[in-house]
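The values are calculated or read from the model by the stated rules, or taken from the named source; none is laboratory data. Remember, predicted model here, so these are calculated numbers, not experimental data. Backbone-built Cβ (ideal geometry, glycine too); neighbour counts: all protein chains shown.
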Amino acid sequence: MNALEINNLCRSFPDFRLDNISFTLPSGCIMGLIGENGAGKSTTIKLILDMIRKDSGTVTIFGKDNTNINLLKEDIGVVMDEVGIPECLTAKQVAKIMKYTFRNWDNTEYTRLLHRLSIPDNKPFKDFSRGMKMKLGIAIAKSHGAKLLILDEPTSGLDPVVRDEVVEMFYDFTRDEDHSILISSHIVSDLEKLCDYIAFLHQGKLLLCEEKDELLSEYGIIHCTVDQLSDIKKIKYKKETPYGAEIIVSRNDAPEGFKLSPISIEELFVFMVKEAR
């Protein structure tokens with residue numbers, strides 16, 4: 001069974017439209033939802049969680065329609081860009097509330113994660129750094145037996161050391177083949193290391209959704225002069241400057257006589273967005 005299936009999802013606002021989004025997250029996998037600020041990542045996640053009304057389309061989580069999201073809350077761990085915890089609460093007090101919120105709340109696991117992540121249990125949430133707030137949100141999401149984590153920009157604003165800690169937590173979570181993660185970010189380098197699938201969002205449209213390894217093996221990049229462009233017939237994306245050109249081509253269409261270099265997910269995303277503009 002797939003962890004998440006989205007089909008033809010649409011939502012219009014006065015100044016923005018999420019337009020006909022479809023993708024599938026298989027169980028046991030991590031999908032990265034990549035896009036610039038304002039691309040529609042948070043809107044997509046809010047629609048998945050039935051926090052806002054969709055205009056059309058369907059969302060199913062573990063085969064169940066998301067309009068019954070309260071019936072699915074035990075299976076989903078959610079961390080939004082702003083961790084919604086009352087500022088007066090301590091981590092220890094949060095545990096007492098969560099015990100009555102989730103049937104499968106595991107206080108032993110929660111305490112273990114607090115210790116591992118160096119989260120103080122008696123410090124008010126308002127005094128936490130952004131990194132500490134995000135780590136607490138992830139600890140909560142992982143302490144009630146969730147099978148799907150939905151994470152909106154969880155690494156944004158974190159220093160490199162804390163980001164590495166957080167990414168390692170995600171790796172640990174998906175060692176169980178029944179566990180899946182949907183994670184949005186504009187920090188492409190984090191998702192490139194972490195994800196099995198990549199989805200590119202731009203201005204409310206899904207540019208692509210494919211397995212990461214297939215994307216990396218399908219395309220390559222050629223650095224050449226502007227004059228050499230006419231010798232390259234099948235160009236997927238290109239960028240020209242007065243000093244030369246960068247060309248993305250399918251490896252199957254790579255012309256002879258040119259060096260084909262590996263391409264990163266970030267490079268591919270930047271090229272596709274510029275082409276879409």
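Cβ separations smaller than 8 Å between residues 6+ apart or across chains give the following pairs from region 170-183 residues that are under 15 Å from ALA139 (Cα atoms) and in a strand (DSSP E or B) to residues that are modelled with pLDDT under 90 and of a type in the set (Ser, Thr, Tyr): ILE181/THR174. Scanning region 220-277 for residues that are within 19 Å of SER189 (Cβ to Cβ) and hydrophobic (A, V, I, L, M, F, W, C) yields a total of 10. Quick check on region 208-226. Is at least one of its residues surrounded by 14 or more Cβ atoms within 10 Å (Cβ to Cβ), in contact with a helix residue (DSSP H, G or I) (Cβ under 6 Å, 6 or more places away or on another chain), within 27 Å of VAL78 (Cβ to Cβ) and among the hydrophobic types (A, V, I, L, M, F, W, C)? No, there is no match, as no residue in region 208-226 is surrounded by 14 or more Cβ atoms within 10 Å (Cβ to Cβ), in contact with a helix residue (DSSP H, G or I) (Cβ under 6 Å, 6 or more places away or on another chain), within 27 Å of VAL78 (Cβ to Cβ) and among the hydrophobic types (A, V, I, L, M, F, W, C). On the basis of being more than 14 Å from the chain's Cα centre (by Cα), modelled with pLDDT of 90 or more and loosely packed, with under 13 Cβ neighbours inside 10 Å, does ASP176 make the cut? So ASP176 does not fit the description; no.
For region 49-62, the set of residues classified as touching a residue at least 60 places away in the same chain (Cβ under 8 Å) and either aromatic (Phe, Trp, Tyr) or over 27 Å from ASP190 (Cβ atoms) (or both) consists of PHE62 only.
Here is a yes/no grid of residues against (1) under 22 Å from ARG130 (Cα atoms); (2) touching a residue at least 24 places away in the same chain (Cβ under 8 Å); (3) assigned by TED's automatic domain parsing to the domain that holds MET272; (4) not aliphatic (A, V, I, L, M):
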| residue | (1), (2), (3), (4) |
| --- | --- |
| PHE23 | no, yes, no, yes |
| GLY35 | yes, yes, no, yes |
| LEU47 | no, yes, no, no |
| LYS64 | no, no, no, yes |
| GLY77 | yes, yes, no, yes |
| GLN93 | yes, no, no, yes |
| MET98 | yes, yes, no, no |
| ASP106 | no, yes, no, yes |
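So that you can scan it fast, the table gives a plain yes or no per residue for (1) outside the structural domain of VAL83 (by TED's automatic domain parsing); (2) assigned to a helix (DSSP H, G or I); (3) surrounded by 19 or more Cβ atoms within 10 Å (Cβ to Cβ):
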site: SER118; (1), (2), (3): no, no, no
site: MET134; (1), (2), (3): no, yes, yes
site: SER189; (1), (2), (3): no, yes, no
site: LYS193; (1), (2), (3): no, yes, no
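For region 128-166, filtering for residues that are polar (S, T, N, Q) and touching a His at 6+ places or on another chain (Cβ under 9 Å) leaves 1.
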